[in-house]
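What follows is a set of notes on a single structure, which appears directly below.
FYI, it's all coordinate maths here, none of it is from the lab. Model, not experiment: these values are computed from the prediction. Using ideal geometry, Cβ is built from the backbone for each residue, glycine included, and neighbour counts are taken over all protein chains shown.
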Amino acid sequence: MNRQEILYSGKAKSIYQTEDENLLIMEFRDDTSAFDGEKIEKLDRKGMVNNRFNAFIMSVLEDNGINSHFEKLLSPTESLVKHLDMIPVECVVRNIATGSLCKRYGVEDGLELSPPTFEFFLKDDARHDPLINDYHIQSFGWASLSEIEVMKEVTFRVNSVLSRLFSQNGMILVDFKLEYGRFGNKLLLGDEFTPDGCRLWDSDTRRKLDKDRFRKGLGGVVEAYEEVALRLGVDLEAMPE
Ligand code: ADP
Ligand code: UDP
């Protein structure tokens, strides 16, 4: 499968068309952004680590009955994915309160959330990804009620599978963001699951192992991502077949 025209270049990934209109090449670049693109830096190896990390997680999810756009690894920084018609919302599940949740509601940072909470955000950097509700999504025509139900249900299933996986390897899945898109009459998990879009803490020390290291200028960003990959047994050297 070869790269054709570039379809979209986002803050961290580029999407290319292929000779098959149903398939795209997703390239993970080294670019790293925070605060809706206000802070941007290139971090050596990050594209490669995230591409392989995402492939590993998508395979784990597939093994647990959660279908996604992921087809296969193509190169250290590229994966082949199904071409989805993306729903412009971000689905966030939180197991522990931190980040924007604490700023918005004044809840204590580190509070364990029981049950885990769910939020929808509009994917719109210019508007700083505002919090939206189910009615906004339906009334503005972004998705149907049944699609909303699927996004919530699947995101909670992902939370169960991955919370267990991280916990078995000495980490806490604090929160994460997922995106979905339509493929024919199916709604599939799209985009990525990497330390760029989730928060992971070491279970014993609560050391941050995710993009908060970049947001807060803590350093060792890619090293932390590699540590997470190592703990999960992700092969960062293997070449795709
Ligand atoms: P952003 O757009 O937020 O800057 P990225 O740099 O990660 O983010 O760009 C990836 C873009 O590709 C996102 O807009 C995402 O919604 C979109 N995308 C992810 N998976 C697919 C897919 N399978 N089909 C079409 N678009 C996708
Ligand atoms: N997140 C993301 N992309 C966004 C916004 C949030 O991947 O545009 C992830 C973020 O990494 C975290 C979770 O969603 O794992 C919740 O983020 P939060 O709302 O606390 O945002 P922040 O504090 O980063 O503004």
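Values as computed for the structure displayed
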quantity	calculated
Flagged links, alpha-carbon separation over 21 Å, of K103/K208; K103/K177; K11/K186; K72/K208; K11/K216; K11/K39	K11/K186; K72/K208
Cα-based shape type of the stretch 61-114, given that a ≥ b ≥ c are square roots of the gyration tensor eigenvalues and the cut on a/c is 1.5	prolate
Overall form of the stretch 90-160 per C-alpha gyration tensor (a/c, 1.5; a/b vs b/c)	oblate
Three-way shape label, the chain, alpha-carbon gyration tensor, a/c 1.5	rounded
Exposed chymotrypsin sites (Phe, Trp or Tyr not before Pro) absent - longest run of the chain, DSSP non-H/G/I/E/B, at most 14 other C-beta within 10 Å	36-139
Loop GluC sites (Glu not before Pro), the stretch 1-91, which have at most 15 other Cβ atoms in a 10 Å radius of their Cβ (DSSP)	E5, E19, E21, E38
Computed [θ] at 222 nm, deg cm²/dmol, the chain (DSSP H ≥ 4; -39,500 (n - 2.57); rounded to nearest 500)	-9000 deg cm²/dmol
For the stretch 206-228 and the stretch 122-164, distance of Cα centres in Å	26
